[in-house]
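The values are calculated or read from the model by the stated rules, or taken from the named source; none is laboratory data. What you see is a predicted model, and the numbers here were worked out from it, not measured in a lab. Positions of Cβ are generated from backbone atoms using ideal geometry, with glycine treated the same way; all protein chains shown enter the neighbour counts. Protein only, heavy atoms only, side chains kept; ligands, DNA and RNA dropped before computing areas. Shrake-Rupley method; radii C 1.70, N 1.55, O 1.52, S 1.80 Å.
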Amino acid sequence: MSGRDLFCEPRRIRRGAALTLVFATVLVAGAATGSFSDSDRKTEAGTPRSTSARHHDEVTDAAARAMADGKSPMEAAARAVSRSGDRWGAVYSQGDYEEFEEALDGQYTGVGLWARRERDGRIEVTRVRTGSPAAAAGIREGDRLRTVDGAKVDGRPVTEVVSLLRGDADDADAGTKVSLGLERGTRTWSRTLRRARLSTDSVTVSRLTGDVTMIKVDAFTKGVGDAVRSAVGRAGRAGIVLDLRGNSGGLVTEAVTAASAFLDGGLVATYDVNGAQRALHADSGGDTTRPLVALVDGGTMSAAELLTGALQDRGRAVVVGSRTFGKGSVQMPSRLPDGSVAELTVGHYRTPAGRSVDGRGITPDLEADKESLQRAETVLSGLGDPS
């Protein structure tokens, strides 16, 4: 029930493993790891180390000193991350991180709610899974999550909130209880839920009027990119609505595969790691003929913004909705001496046109709120049937 946006194929982090890029924090799917060569850890010869590289050293050094002094490396690293001012930095236990990774395989134990941290630090529910414990308890989109088992969650990194919701290693199985404090408007209440084994079901395909196909992507979990490509292959000729509203991110490789469903190769995004520039490219052979509208809102984050920016800059889609969240920074997880993981910001990504997303978001081509789906259908009718 938690999620991270990562660059690479899900793999366990091993001591001494190479780098992984992580692009978001959400409470939806899970985390995963992938690797680059050790050369990606280094700056160019003769250039000064970046601020992010120095922060990385400070955090890992603090953890090593704590270990040598018989103290908690995880707690020392968390204090160092807090001092660094890294908005997206976080430290969490080995068990939590492994659970996040496993969730990207499409299964997770949780209560079935998606949430995000607002800019003021509050945790807001963005979606509730139908048939989940959260849905049965009457929790709705827009509710504020105030406490988990009595612990206040305002201002906490999302990874910590996830840890509380999932429980510790001895209390995270299906059937175990978790108490949530909630707020809706002026009403406050609490509910005790039992965790359940759930599937992510991140892609939903439906037919709209006029042979228009809507592909709803809730998160970029493992296999989502291929699911999108399959859906595009079966889509109606009148056009496609790609609904990314409330999509808080996922594996960036899956977002790139999804981009490949609509593009015939070419640039999807660029990113930097401690100043070293890299690029992501789509595969060739995507469908470039069906009219396409991408729906976005303030809950569209990270890998979903990366995909939106690529489709917009490449002239492939008309983007309809409201400005996206603005999470375009790159995190790198590092294993600490006690097995916990520190995740620190090391760079940022840009759209094909060179636009920075972090802190800015993506402005849609056509602003719309509640009527955004209707506006999307109108746009598609104006684009016409290419056949």
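This table checks each residue for (1) crowded, with 19+ Cβ neighbours inside 10 Å; (2) in contact with an Asp or Glu (Cβ under 9 Å, 6 or more places away or on another chain); (3) modelled with pLDDT under 85.
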site	(1), (2), (3)
Glu58	no, no, no
Arg65	no, no, no
Met74	yes, yes, no
Glu98	no, no, yes
Asp105	no, no, yes
Glu118	no, yes, no
Thr126	yes, yes, yes
Gly138	no, no, no
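Tell me, yes or no, whether segment 301-308 has at least one residue that is on the phi < 0 side of the Ramachandran plot and open to solvent by 10 Å² or more (accessible area, probe 1.4 Å).
No: zero hits.
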- Filtering strands (runs of 3 or more DSSP E) wholly in segment 148-259 for at least 3 residues that are within 23 Å of Arg116 (Cβ to Cβ) and open to solvent by 10 Å² or more (accessible area, probe 1.4 Å) gives 177-184, 187-194, 196-199
- Per the list (1) more than 30 Å from Gly138 (Cβ to Cβ); (2) out of contact with any Asp or Glu (no Cβ under 9 Å at 6 or more places or on another chain), residue check on Val228 breaks on (2)
- Of the residues in segment 359-385 that are open to solvent by less than 40 Å² (accessible area, probe 1.4 Å) and in a loop (DSSP other than H, G, I, E, B), the one that is farthest from Arg290 (Cα to Cα) is Gly361
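Residues of segment 260-285 being open to solvent by less than 30 Å² (accessible area, probe 1.4 Å), modelled with pLDDT of 95 or more and either among the polar types (S, T, N, Q) or under 30 Å from Val158 (Cα atoms) (or both), which ones? Before you say what the answer is, go through the steps one by one.
Taking segment 260-285 first, the residues open to solvent by less than 30 Å² (accessible area, probe 1.4 Å) are 260-263, 265, 268-269, 271, 273-274, 276, 280, 282.
Then drop every residue that is not modelled with pLDDT of 95 or more, which leaves 260-263, 265, 268-269, 280, 282.
Residues satisfying the conditions are Ser260, Val268, Ala269, Leu280.
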- For residues that are modelled with pLDDT under 90 and β-branched (Val, Ile, Thr), scanning just segment 218-252, find the one that is nearest to Gln312 (Cα to Cα). Val252
